[in-house]
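The values are calculated or read from the model by the stated rules, or taken from the named source; none is laboratory data. What you see is a predicted model, and the numbers here were worked out from it, not measured in a lab. A quick note on method: Cβ atoms are made from the backbone with ideal geometry, for glycine too, and the neighbour counts reach across all protein chains shown. SASA here: full protein model, heavy atoms, side chains in, ligands and nucleic acids out. Shrake-Rupley method; radii C 1.70, N 1.55, O 1.52, S 1.80 Å.
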Amino acid sequence: MKQSIKAALISALLFPGLGQILVLKRFARGCIFLLPTLAGAVTILRVVAVQVNALAGQLANGTLPFDITMIAQQIAASRTNGPAMTAATLACVLCWSASILDAILFGNDQHYHHPQHPHPQQGQQ
């Protein structure tokens with residue numbers, strides 16, 4: 001399997017940038033995709049955790065009955081929209097997509113690869 005395909009699969013299925021780091025040995029290039037996605041994911045998880053804690057608190061103290069319809073309405077009315085959530089989601093989607101495309105398009109670019117087994121220079125014996 002080509003290195004570019006391996007890198008694209010790792011970046012697609014595990015986390016963006018990991019294919020560049022682990023397979024292509026391009027640490028800086030992988031971090032370009034990994035760090036913004038990680039920041040976006042942390043932001044999304046923080047917003048979700050706040051909402052889950054609020055709902056759990058309402059369920060625990062009895063202000064929200066354990067009724068699936070009312071819980072669904074409460075979730076729909078929660079404040080998960082906003083510029084921070086939009087930016088975080090956009091960063092995740094764009095970086096994830098760009099990481100896959102980068103691995104496919106530039107994964108076999110010999111300009112970036114360092115040979116693992118250098119060939120002896122011609123003319124030397």
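State the percentage of accessible surface on region 1-66 attributable to carbon and sulfur atoms; use a 1.4 Å probe and exclude ligands, DNA and RNA. Walk me through the intermediate numbers first.
On the way: 2910 of 3940 Å².
Of all accessible area on region 1-66, carbon and sulfur atoms account for 74 percent.
Using the heavy atoms of the protein chains and a 1.4 angstrom probe, tell me the accessible area per residue for the chain in square angstrom. Show your work: numbers first, answer last.
Details: 8860 Å² over 125 residues.
Heavy-atom accessible area per residue stands at 71 Å².
Once the Cα atoms of the chain are picked out, what are the Rg and Dmax in Å?
22.4, 85
Take residue 86 and residue 52, extend 7 Å from each Cα along the Cα→Cβ direction, and tell me the distance between the two endpoints in nm.
2.6
Working out 0.36 nm times the residue gap between residue 106 and residue 75, then minus their Cα-Cα distance, what length gain in nm do you get to one decimal?
Working: separation 31, 0.36 × 31 = 11.16 nm, distance 4.22 nm.
Net length gain for the segment: 6.9 nm.
Once you keep just the Cα pairs under 8 angstrom separated by 6 or more residues, what percentage relative contact order results for the chain? Provide the component values of the computation, followed by the final result.
Working: 130 pairs, mean separation 48.2, N = 125.
Reported as a whole number, the value is 39 percent.
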